[in-house]
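So the structure is just underneath, and the comments pick up after that.
The values are calculated or read from the model by the stated rules, or taken from the named source; none is laboratory data. A quick note: this is a predicted structure, and the numbers were derived from the prediction, not measured. Methodologically, a virtual Cβ is constructed for each residue, glycine included, from the backbone with ideal geometry; neighbour enumeration extends over all protein chains shown. For the accessible areas, the whole protein counts, side chains as well, though only heavy atoms, and no ligand, DNA or RNA atoms are used. Shrake-Rupley method; radii C 1.70, N 1.55, O 1.52, S 1.80 Å.
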Amino acid sequence: MKKILLTDLIAQTREAIKPVQHSKSTVYQYGLAWDELSQFFKSHRQLYFSVELAKGFVQESKAKLEDGTLKEWRFKLRRLSVAILIEVYETGGYIWRLHTKDPNGSLSLEKRTIYTTFQDSLVRAGNGNGTRSLWDLGA
């Protein structure tokens, strides 16, 4: 995949979501989540965006939700903010859609990791969204 600084991807994503005309409050909340993601990347000494590390941030957030140290609304915000970044990273743009509950949320961390690795291998193999959705556990 391409190499892009996380800060540049966040700036690109801010531009990509403008046509959706989110409220200032929503854009501000995304910004807070992206700041938390940036701190997570810094703690892993990573300047460039990595889908795997971003998903690790969501997985860590899910674990904090499960142990009660993170509120559900903040977990959802982090998950959606990362999903938007990944979409812009992979497609160069963003299309608003209804985001539903994580279909893999009930999987154990180990199984989610295996599934994520598998999905990433489909991306690396050049499979499109249609093919990858056939393997979606939530389908």
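Of the helices (runs of 4 or more DSSP H) lying entirely inside region 22-139, those containing at least 1 residues that are more than 24 Å from Leu6 (Cα to Cα) and modelled with pLDDT under 90 are 109-124, 129-134. Of all the criteria given as (1) open to solvent by less than 90 Å² (accessible area, probe 1.4 Å); (2) closer than 14 Å to Val82 by Cα; (3) in contact (Cβ under 8 Å) with a residue 60 or more places away in the chain, the one not satisfied by Val20 is (2).
Count of region 1-13 residues, restricted to those that are open to solvent by 90 Å² or more (accessible area, probe 1.4 Å) and among the charged types (D, E, K, R), is 2. One residue alone among Gln21, Gln39, Gln29, Gln46 is polar (S, T, N, Q) and closer than 20 Å to Thr91 by Cβ, and that residue is Gln21. The sole residue among Thr13, Thr26 that is out of contact with any Phe, Trp or Tyr (no Cβ under 6 Å at 6 or more places or on another chain) and in contact (Cβ under 8 Å) with a residue 24 or more places away in the chain is Thr13. Sub-7 Å Cβ pairs linking a first residue in region 55-82 that is free of Cβ contacts under 8 Å to residues at least 12 places away in the same chain to a second residue that is among the aliphatic types (A, V, I, L, M), at least 6 apart or interchain, are Lys64/Leu70; Glu72/Leu65, ordered by first then second residue.
Within region 30-48, being free of Cβ contacts under 8 Å to residues at least 24 places away in the same chain and open to solvent by less than 90 Å² (accessible area, probe 1.4 Å) holds for Gly31, Asp35, Phe40, Ser43. Screening the candidates Val58, Val51, Val27, Val82 for the property of being of a type in the set (A, V, I, L, M) and surrounded by fewer than 16 Cβ atoms within 10 Å (Cβ to Cβ) yields one hit, Val27.
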